[in-house]
Amino acid sequence: MRKLLLLFTVPVLPFSLATEYLYARTGVLKDLFVPVLGLLALFLVSLGAPEAGGLLKFLAVVTSLVYTLRLLVVEELLGWVFMYYLSVAPLAWLKPEQMLMYLVAFLFPLSALTFLLLHLKRLAGTAHARAVSGTAEYMPVWSFLTFTALIASLAVAPAYTFFALYNVVASYGLPLALLILLEWVLWNWSGFKLFSAVLFGRPREDFRYEDVGSELAFPIFFLLLVVFILPLF
Amino acid sequence: MVGLLPLLPIISAVTVVFLKEEKRVRRVSNAFALATFLLSLYLLLTALAGGEGVYAFTAFLSFRLDALSALMSAIVSFISLVVHFYAGRYMQDEPGYARFYALLDLTVSAILLTVTAEHLLLLFTGWSLTGTFLYFLLTHNYGRRPAVRYGLWTLVIQRLGDAFLLVALLLLAEGFGSYELTGLFERIEQEGEQKRLLLELAGTFVVLSAFAKSAQVPFHLWLPYTMEGPTPVSALMHAGIVNAGGFIVNRFAPVYAFAEVGLHLAFLVGLVTAVLGALLMLVQPDVKKALGYSTVGQMGYMMMEAGLGAFALAVYHLFAHGVFKATLFMSSGTVIHEARKDPNIPEDEIYKFFVERELPPLKLPWYFFALITVLVPFGLVVFAHLAAGVDAFKYQGAVVLLFFGWITGAQTVFSIYRYGAKSPVKTLLFVLASFTVVILGYVFIGHSFERFLYPDQELIKRIYLNAEIDPLIFELQILLLTAVAVAGWFYVYYAYESKEVIIEKLRERYALLYRLLARELYFKEFYEKVGELLTTLGRRTDELFRGLVR
């Protein structure tokens, strides 16, 4: 039962379709779907590391590849976070004995990103990438934190996510390593492309830019600092 | 002490973002850049005195001081210092002054981290962060759409290079059981012969990552297209960051004592890049873009040198090119400014040759120039090698370099014959004098670099031997290249005799070649097509799965 639940929370095909179905129908909770899903997964993994056979590992790689391709056409920022979770989380099945640390590594920056995007959604009424642009000029703190969270999420060294992903990649042979690293390049491409459109470009005159307050900025800053400092030791 | 090198620019970056006055930002950042440079000089002196070693704070945070890291640190911090001082005035009154300096410092820190790292993943961290910070520097003028667009291209190419390097590091670390360079090199020395296939793979991936960082074909387009960034960034990029490719091949030199595929690939791709870079440079109407392609060509030459086994020469090349190119970039603004003041193009001999297709009159017989063109450079190149005590004919690599030195020198002298001059003998003497200095410098300094960077002559000998190809193919190559060069000279002579710059028979083919080059061989369209294909694939997959969830 625990493993079955894990297949929905650290989703692999076809279970990921059910997770997607649920995501599309959670209404208000949709925005917090990734942190909630991640926490649930963490709770389940903390009860004991699951086991994964060859078929499950194969499905994990296929799932990751499918959602990586889908990631390239997402234009809604919170939707991107969800789709990215579906691309990156299945790879945890490749090394189930380290699933807990892998999920923790990605959940930290992805949750930070979610809360930052919720701030944007509150201002713009939507988190669509085309709705806002030029935040770097008028919301420098938000922009700095968002890009830092993005970099950490995208497993850019020296973020802890990079080492978590590296551990998985290092456990397998050259072909799989190449495939996962190609996915990594595509994650970076889609992430930077989407968020660049929001942060850069000409600021909109009809938009009321409002930077994040210290009550959100400080916790997120320290959270991200931990993500970057941890690997040094 | 060596760990301080990447730390100083980080402290500077963190400090300047809290400063409000532009003057203070500039002073603080410049002071840290100067301190970094002085420290790198001290470390270079320490390395010259034989004080090499490894300094570890933690397993991951470990740094190495050796000849290569000390020399590269000195080069990088020197270029960084010059760029810092230049940027002070250039960036004045630009928005985001402190942000620019912070990013500049962080980029320099990432490069220094790469060159001083002892732990493989620390090296990768520096390598990868360089690309990330470069993206932010290139998008500094984020209101300009091309800056953001081509910044993204740069990032993707850099990430591809990162992926290649990570594969190489993974193969080496898992194959030899060490994440520290010192331990890794020792084990390669002991077990290299038994693990040749692994080393061939790792060596190839290292070279592939160098291609992405050093803008080799087909990964070259990011370099000439990122001219929207501020000029100091262009200077740093062309004089510092692109050199990382040459560094990484040198860093993993012991791998190439047992691997040859990577070397051959480096030679081939370097050769193609050198030729294409030079050709594409000629047709660029934009000064900065022409400089961009010139860098591509130079990086090709550098990669070719590495592919021939002349690793130390590649380091000297990247240093010399870095200094020259930084100067050119920082002067480009003045040139453009002057050109804007005076719309008239000076109608000198070069203008007449290219625009009015008018050949200059010759004051001396053509065979005088022809003989000088062929014999003098050859004599100089051979003399320089003999004077430096380099056995020019011992290894294929040295022969190829000698050959290229000769052809390049002949071409330089030849251009004087083509253009003519008001006083051809005087001009010729100037060209010959400067050519002598360059060749002697190239051979002598290159040779000194080799003795400093690779005191173990056995290692460099093995690399030279691994870079060699079948003697028959090698000789055929040399003959073919000679035939091409000589055919070119004959063509010019024939064109001169028939009083036409482009002879009638070749006019259509020339036009086709020009069109191809003017469109940059459609590489940009190729990149866009790959992007479109991936997006289409993503869209189709998305539609399919959305249909399933509905």
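Calculated accessible area for segment B:1-114 comes out at 43 Å² per residue, all protein chains present (probe 1.4 Å; ligands, DNA, RNA ignored).
Of the trypsin sites (Lys or Arg not before Pro) found in segment B:6-91, those that fall in a DSSP loop while having at most 14 other beta-carbon atoms within 10 Å are B:20. For the residue pairs A:95/B:529; B:213/B:529; A:57/A:121; A:30/A:57; A:193/B:529, alpha carbon separations beyond 26 Å are given by A:95/B:529; A:57/A:121; A:30/A:57. Does segment B:225-327 classify as rounded, prolate or oblate by the C-alpha gyration tensor (a ≥ b ≥ c root eigenvalues; a/c under 1.5 gives rounded; else a/b over b/c gives prolate, otherwise oblate)? Note, shape of segment B:225-327 comes out prolate. Its alpha carbons give the protein assembly as shown an Rg and a Dmax of 28.0, 95 Å. Applying both filters, DSSP loop and at most 11 other Cβ atoms within 10 Å, to the GluC sites (Glu not before Pro) of segment B:121-200 gives B:193. Largest accessible area first, the residues B:542, A:206 order themselves as A:206, B:542 under a 1.4 Å probe with ligands, DNA and RNA left out. Look at the dipole of chain B built from charges on Cβ: of B:440, B:161, B:406, the Cα furthest out on the positive end belongs to B:161. Peptides A:29-37, B:91-99 ordered by packing proxy, namely the average of other Cβ atoms within 10 Å per residue, highest first: A:29-37, B:91-99.
Once you charge only the Cβ atoms, +1 for Lys and Arg and -1 for Asp and Glu, what is the size of the charge dipole of segment A:170-217 about its Cα centre, to the nearest 20 debye? For segment A:170-217, the charge dipole is close to 240 debye.
Multiplying each eigenvalue of the alpha-carbon gyration tensor of segment B:1-133 by 5 and taking the square root yields semi-axes of 27, 16, 11 Å, largest first, rounded to whole angstroms. Taking only protein heavy atoms and a 1.4 Å probe, the accessible area of segment A:148-233 is 69% carbon and sulfur. Rounded to the nearest 20 debye, the dipole size of chain B about its Cα centre is 1500 debye, using +1 on the Cβ of Lys and Arg and -1 on the Cβ of Asp and Glu.
In chain A, the longest principal axis of the Cα atoms and the axis of helix A:54-71 are about 20 degrees apart. With a 1.4 Å probe rolled over the protein heavy atoms of all chains, the accessible area of B:478, B:111 falls in the order B:478, B:111, largest first. Per the accessible-area calculation with a 1.4 Å probe, the total area buried between chain A and chain B rounds to 3700 Å². Scaling the Cα radius of gyration of chain B by the globular reference 2.2 N^0.38 Å produces a ratio of 1.02.
In the assembled protein chains, residue B:535 presents an accessible area of approximately 30 Å² (probe radius 1.4 Å). Using C-alpha pairs below 8 Å separated by at least 6 residues, the relative contact order for chain B is 11 percent.
Inter-chain neighbour count for A:186-198: the average number of beta-carbon atoms from partner chains within 10 Å of each residue's beta-carbon is 4.
For the listed peptides B:213-223, B:448-458, a ranking on the average number of other beta carbons within 10 Å per residue, highest first, reads B:213-223, B:448-458. Nonpolar atom fraction for chain B, defined as the carbon and sulfur part of the 1.4 Å probe accessible area, stands at 67 percent.
For chain A, taking Cα atoms only, Rg and Dmax work out to 17.3, 55 Å respectively.
Annotation: residue A:229 carries an accessible surface of approximately 70 Å², with a 1.4 Å probe and no ligand, DNA or RNA atoms counted.
Each distinct pair of alpha carbons in segment B:119-343 adds a 1/r term; the inverse of their mean, the Kirkwood radius, is 17.8 Å. Ordered from largest to smallest accessible area (heavy atoms of protein chains, 1.4 Å probe), the residues B:462, B:546, A:70, A:202 come out as A:202, B:546, B:462, A:70. In segment A:26-75, burial by the other protein chains removes 20 Å² or more of accessible area from A:66, A:69, A:70, A:72, A:73, compared with the chain on its own (1.4 Å probe, ligands and nucleic acids ignored). Packing, as the average of other Cβ atoms within 10 Å across residues, places the peptides A:130-138, A:74-82 in the order A:74-82, A:130-138, highest first.
The angle separating the long axis of helix A:160-170 from the principal Cα axis of greatest extent in chain A is about 30 degrees.
The residues of segment A:1-84 expose on average 44 square angstrom of accessible surface per residue, using a 1.4 Å probe on protein heavy atoms. Axis angle, to the nearest 10 degrees, between helix A:214-229 and the longest C-alpha principal axis of chain A: 40 degrees. Which one of B:526, B:430, B:278 has its Cα pushed farthest toward the positive end of the charge dipole of the protein assembly as shown, where Lys and Arg give +1 and Asp and Glu give -1 at the Cβ? Highest projection toward the positive end goes to B:526.
Averaged over the residues of peptide A:143-150, the number of Cβ atoms from other protein chains lying within 10 Å of each residue's Cβ is 1. Peptide B:541-548 is shielded by partner chain Cβ atoms: per residue, an average of 5 of them sit within 10 Å of its Cβ.
The solvent-accessible area of residue A:126, taken with every protein chain present and a 1.4 Å probe, is close to 50 Å².
Panel note: the C-alpha atoms of segment B:38-102, placed on their principal axes, show extents of 46, 26, 14 Å (largest first).
The values are calculated or read from the model by the stated rules, or taken from the named source; none is laboratory data. Keep in mind the model is a prediction, meaning the values are calculated, not measured. Every residue, glycine as well, gets a Cβ built from its backbone with ideal geometry; the counts of neighbours run over all protein chains shown. Heads up: the accessible areas ignore ligands, DNA and RNA and are worked out on the full protein's heavy atoms, side chains in. Shrake-Rupley method; radii C 1.70, N 1.55, O 1.52, S 1.80 Å.
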